[in-house]
Structure formats: C-alpha cells, structure tokens
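First the structure, in the form of structure tokens, and then the observations on it.
The values are calculated or read from the model by the stated rules, or taken from the named source; none is laboratory data. Being a predicted model, the structure only gives us computed values, none of them experimental. FYI the Cβ positions are ideal-geometry reconstructions off the backbone, even for glycines, and counts take in every protein chain you see. Side chains are part of the model used for accessible areas, which takes the heavy atoms of the whole protein and leaves out ligands, DNA and RNA. Shrake-Rupley method; radii C 1.70, N 1.55, O 1.52, S 1.80 Å.
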Amino acid sequence: MTRDLNDIINALPKARRTKVEARAAQLIREEMTLQQLRRARATTQVKLAKKLGVAQKQISELEKRTDMHISTLRRSIEALGGKLSLVAEFPDRTPVVLSGIASLDQ
C-alpha cells in the first residue's frame, strides 16, 4: 500500500508534526526556486500540472526557466495555494509593493 506525505505527517506525534509544520512554514518564507517551493508545499509536478491544466513536462520545463511571464508565475503560485506580490526595493527608500500588474497580464 502506498502512503503519501500527508499520511506520514499525520502519523507523527503531535509535537513532532507541529515542529515539521513550523519548519515547512519557515522554508516557505525564505528564498526558494519554484521547484523548492513546490516541494515545500508537498506537491508533485503531476499534481501541479493537473491544477494548471497542463502536462507534467511543462511543469518540469517551467521549473528550469530563469525568465517567464509574471502571469505564468502568478498562476503557478496560486495553484500552490499562495498569492504573488511584487516588491520593488531601492537603497534610498522603503520597499514598494507594485500594484496594477494583474490587470496588465490578464
């Protein structure tokens, strides 16, 4: 019988499960590649591909890219359960969250 990650995590003692979930949350807050983020969200390429309505091969190719449309990145992040925010950082002022990008992509 095959067990998935959720089965394994749910079988852990509560204290250990809490520690694992806290570490996962910490990793998600840090800088990651799309592949690392997908893995931290305990999602396979196949599952993400199904959510996006594309082939698994396209997810593999997407994770290898260094440049992509913001709309593609947004769809991927949303399929993982997140929300994409773009922040511009300058040395002489506080970071600025960019707005109006969504309407340009749609």
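Of note:
- Unmet criterion (only one of (1) more than 26 Å from Asn6 (Cβ to Cβ); (2) without any contact (Cβ under 8 Å) to a residue 24 or more places away in the chain) for Ile101: (2)
- Residue identified as at pLDDT below 90, open to solvent by less than 50 Å² (accessible area, probe 1.4 Å) and either more than 19 Å from Met32 (Cβ to Cβ) or not polar (S, T, N, Q) (or both) among Ile101, Ile59: Ile101
- Of the listed requirements (1) closer than 30 Å to Val20 by Cβ; (2) of a type outside the set (Val, Ile, Thr); (3) free of Cβ contacts under 8 Å to residues at least 12 places away in the same chain; (4) open to solvent by 50 Å² or more (accessible area, probe 1.4 Å), Asp67 misses just one: (1).
- Residues that are modelled with pLDDT of 90 or more and hydrophobic (A, V, I, L, M, F, W, C) were ranked within segment 13-36; the one that is least open to solvent (accessible area, probe 1.4 Å) is Leu34.
Listed here are the residues, each with its yes/no results for (1) of a type outside the set (Phe, Trp, Tyr); (2) within 25 Å of Leu98 (Cβ to Cβ); (3) in a loop (DSSP other than H, G, I, E, B).
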| residue | (1), (2), (3) |
| --- | --- |
| Arg3 | yes, no, yes |
| Arg23 | yes, no, no |
| Ile28 | yes, yes, no |
| Lys50 | yes, no, no |
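- Verdict on Arg75 being part of a helix (DSSP H, G or I) and open to solvent by 60 Å² or more (accessible area, probe 1.4 Å): yes
- Checked across segment 81-94, the condition of being assigned to a helix (DSSP H, G or I), among the polar types (S, T, N, Q) and within 15 Å of the chain's Cα centre (by Cα) holds for no residue.
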